[in-house]
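To keep things clear, I will list the structure first and then write my remarks on it.
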Amino acid sequence: TFGGEVGIAPSDMIGALVMVQFVGVPFAFGFGLLADRSGAKRAIYLALVVYTFISLLGCSLKSATQFYVLAALVGTAPGRAPALPRSLIATSTPRHTAGEMFGFGGVVDRFGGARGGMVFGIVLTMTGSSRPGILILIVFFALGAFLLSKVDVERGRRQAREAEAALHAPENATA
């Protein structure tokens with residue numbers, strides 16, 4: 001494990017795991033409020049920044065105290081972050097195609113997770129250390145931020161509303 005690789009005692013790893021769960025609960029609500037106030041897109045950007053910072057900190061980790069700080073940071077973003085893209089999809093997709101879009105999003109999510117894990121494993125195998133594997137994940141965060149920057153949320157919402165209206169409009173309206 002990463003903690004074992006950097007000399008963290010098993011009891012500290014268990015304590016950090018428990019801390020992630022306790023920190024994650026209030027931050028899940030916090031990310032929800034943030035998304036409500038500033039939009040899911042901005043909240044996703046923040047989560048990507050937090051994940052990047054976590055990755056950088058993880059690479060410089062040297063003590064149990066730093067491991068606990070890392071665990072606290074891990075608890076801040078993941079709790080709500082996976083729900084944010086689903087929220088964005090829900091508001092930008094016509095209801096009659098929502099099942100298809102969520103299905104496609106689920107497949108893309110699984111594929112992305114598998115690809116990240118695969119790249120991490122390859123880098124770990126090549127270098128014999130988790131640290132470069134953690135750093136390489138930042139590339140995925142940057143790619144995600146770049147792709148998200150290309151998403152026009154308001155346009156997607158407008159098109160979803162128009163598609164819904166067209167679907168429910170009378171077929172043979174006459175003047």
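So for the range 78-92 (the condition being among the basic types (Lys, Arg), within 22 Å of residue 28 (Cα to Cα) and either open to solvent by 30 Å² or more (accessible area, probe 1.4 Å) or not in a loop (DSSP other than H, G, I, E, B) (or both)), does at least one residue qualify?
Yes, because at least one residue in the range 78-92 is among the basic types (Lys, Arg), within 22 Å of residue 28 (Cα to Cα) and either open to solvent by 30 Å² or more (accessible area, probe 1.4 Å) or not in a loop (DSSP other than H, G, I, E, B) (or both).
Taken as a whole, the structure places residue 61 among residues that are outside any helix (DSSP H, G or I) and of a type outside the set (Phe, Trp, Tyr). Residue pairs whose Cβ atoms lie under 9 Å apart, separated by 6 or more positions or on different chains, with the first residue in the range 139-158 and over 21 Å from residue 93 (Cα atoms) and the second open to solvent by 100 Å² or more (accessible area, probe 1.4 Å) and in a helix (DSSP H, G or I), are 140/115.
Among the residues making up the range 91-126, those that are among the aliphatic types (A, V, I, L, M) and free of Cβ contacts under 8 Å to residues at least 12 places away in the same chain are 98, 107, 108, 114, 118, 122, 124, 126. Taking the criterion of being surrounded by 13 or more Cβ atoms within 10 Å (Cβ to Cβ) and part of a helix (DSSP H, G or I), the residues of the range 1-16 that qualify are 2, 3, 5, 12, 13, 15, 16. May I ask you to list the residues in the range 56-75 that are buried (at least 19 other Cβ atoms within 10 Å of the Cβ) and either farther than 21 Å from residue 120 by Cβ or among the small types (Gly, Ala, Ser) (or both)? Within the range 56-75, 58, 71, 75 meet the criteria. Among the residues of the range 121-175, those identified as of a type in the set (D, E, K, R), within 24 Å of residue 100 (Cα to Cα), open to solvent by 40 Å² or more (accessible area, probe 1.4 Å) and outside any loop (DSSP other than H, G, I, E, B) are 154, 155, 157, 158, 161, 162. All of (1) buried (at least 19 other Cβ atoms within 10 Å of the Cβ); (2) assigned to a helix (DSSP H, G or I) hold for residue 36 with one exception: (1). Annotation note: Cβ proximity below 8 Å between a residue of the range 21-36 that is closer than 11 Å to residue 74 by Cα and a residue that is of a type in the set (Val, Ile, Thr) and open to solvent by less than 30 Å² (accessible area, probe 1.4 Å) (sequence gap 6+ or interchain) occurs for 23/76; 24/76; 27/76.
The values are calculated or read from the model by the stated rules, or taken from the named source; none is laboratory data. Just so you know, these numbers come straight off a predicted model, no measurement behind them. Don't worry about glycine lacking a Cβ; one is built from the backbone with ideal geometry, like all the others, and counts go over all protein chains shown. When the accessible area is computed, the model is the full protein with side chains, heavy atoms only, and any ligands, DNA or RNA have been set aside. Shrake-Rupley method; radii C 1.70, N 1.55, O 1.52, S 1.80 Å.
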